[in-house]
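Remarks on the structure that follows.
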């Protein structure tokens, strides 16, 4: 469940509430979610979604209840749009991305870092950033030079989870989800909604929370 440009590499390695997905399928989903929050979609990314393979991907994602809202939001934007309009759509989404995640929105933003939500003062580069650096080392991974972000960025955490879905025991995966994602993504979603209730990224954040919760429940069953 991957398409070209749909989920860029940010880490390089040296319809029910109970999910029934293989490890490879779950890894692909986490990789897709990671890509959504890693960077704003380019014209090329939207063109991939609009093509036949991209529509097939969106069909597969829409079949998973938790992910359907995000997949359908992408389909709605690109399916009926002429190719010449994809650049405008890309610019619109880039604006939403910048306002929410790059600080352009000021106080009405939603920093995509666990450390922002871990303490009362909203400071970055706290203990959670160091803990995520440890997680990267455990899987012999590092941030790519093209992704100049902190280790506890949500996309990094999701990318690591995509690796764990293939290699780690269910207990290890649940432990990671509880300490690295479930600990804060609900607050992240709520902040997205407060800042931009109509944004695609608010929809995506809601889908993220629903999927991670369902995945953790399935692994724990």
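The values are calculated or read from the model by the stated rules, or taken from the named source; none is laboratory data. As the structure is a computational prediction, the values presented were derived from the model and not from experiment. Cβ sites come from the backbone with ideal geometry, for glycine too, and all protein chains shown count toward neighbours.
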Got a sec? Which of 101, 147, 97 is at pLDDT below 90, under 16 Å from residue 41 (Cα atoms) and either surrounded by 16 or more Cβ atoms within 10 Å (Cβ to Cβ) or in contact with a helix residue (DSSP H, G or I) (Cβ under 6 Å, 6 or more places away or on another chain) (or both)? 147
Would you say residue 154 is surrounded by 13 or more Cβ atoms within 10 Å (Cβ to Cβ), closer than 19 Å to residue 35 by Cβ and more than 17 Å from the chain's Cα centre (by Cα)? no
Of the conditions (1) touching a strand residue (DSSP E or B) at 6+ places or on another chain (Cβ under 7 Å); (2) closer than 16 Å to residue 36 by Cα, residue 141 satisfies every one except a single condition; which number is it? (2)
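Kindly indicate whether residue 131 is over 30 Å from residue 50 (Cβ atoms) and part of a helix (DSSP H, G or I).
yes
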Does at least one position in the range 45-60 carry a residue that is within 14 Å of the chain's Cα centre (by Cα) and surrounded by fewer than 21 Cβ atoms within 10 Å (Cβ to Cβ)? no
